[in-house]
Amino acid sequence: MKYTLPPLPYSYDALEPHIDARTMEIHYTKHHQTYVDKLNAVLEKHPALAEEKLEDLMKKWNELTIPEADKMAIRNHGGGHLNHSFFWNLMDPKKEIDLKLSKEIQASFSSVDEFKKLFSDKAAALFGSGWCHLVRDASGKLMIYSLPNQDSPLMSGHTPVISLDVWEHAYYLKYQNKRADYIEAWWKVVKII
């Protein structure tokens, strides 16, 4: 299966002023495209793996018996493709509040505002580059944690619910080193909360 860059569900400038058009264009056409290209390159060397769904590959990543460099390429570029594909669809210029999810968040974190604070603090505190995730564990419990690089929650058997890219390429043109300002602005374009 050859992977392609999924269509962006809005124009590059649709999330202005919170996320600028130039960052969106570079993030999508350069960074995400590179993950897709490099994922396809490594899967060409392993045709049996190329037939599997990427989500399944990430879930059983630890069990892959291929050269370590190829395994790491699947982790990095497969995770990058999955994380970004999910991330683009979490954002929209219009809000579409998911009331069921809001109620679950309130039950798990006492309020949506408290959840946002905990999530934002975890994202801001991530050392280096990576992602902050709200996930469901195997029992359905909601949890917040950060992962380095392009690691996917699927590698731990968790399902992402909300994911935030905190690599500098996601915000540096507009926010420079002000990650907390980027995170605060990002909440204004998350469509489900």
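Read-outs throughout are calculated quantities, based only on the coordinates presented, and are distinct from any laboratory measurement. Remember, predicted model here, so these are calculated numbers, not experimental data. Note: ideal-geometry Cβ built from the backbone for every residue, glycine included; neighbour counts use all protein chains shown.
With the cut-off at 1.5 for a/c, could you classify region 99-186 from its C-alpha gyration tensor as rounded, prolate or oblate? Oblate. Dividing the C-alpha radius of gyration of region 137-193 by 2.2 N^0.38 Å, with N its residue count, gives 1.29. Helix 112-125 and the longest principal axis of the C-alpha atoms of the chain enclose an angle of approximately 50°.
For the pair region 15-88 / region 144-193, the C-alpha centres are spaced 16 Å from each other. Straight-line cross-link reach from Lys59 at under 18 Å between alpha-carbon atoms covers these aspartates and glutamates, not counting any fewer than eight positions away in the same chain: Glu51, Glu68, Asp70, Asp137, Asp151. In a DSSP loop and with at most 11 other Cβ atoms within 10 Å, the GluC sites (Glu not before Pro) in region 83-142 are Glu96. Compared with the dominant principal axis of the Cα atoms in the chain, helix 99-109 is inclined by about 90°. As I understand it, the value is the acute angle between the Cα axis of helix 79-90 and the longest principal axis of the Cα atoms of the chain; what does it come to in degrees, rounded to 10? Here the helix axis deviates by roughly 30 degrees. Extent along the principal axes, Cα only, for region 21-90: 41, 21, 18 Å, with the longest axis given first. Looking at the square roots a ≥ b ≥ c of the eigenvalues of the Cα gyration tensor of region 49-162, which shape do they give, rounded for a/c under 1.5, prolate if a/b is larger than b/c, or oblate? Note, shape of region 49-162 comes out prolate.
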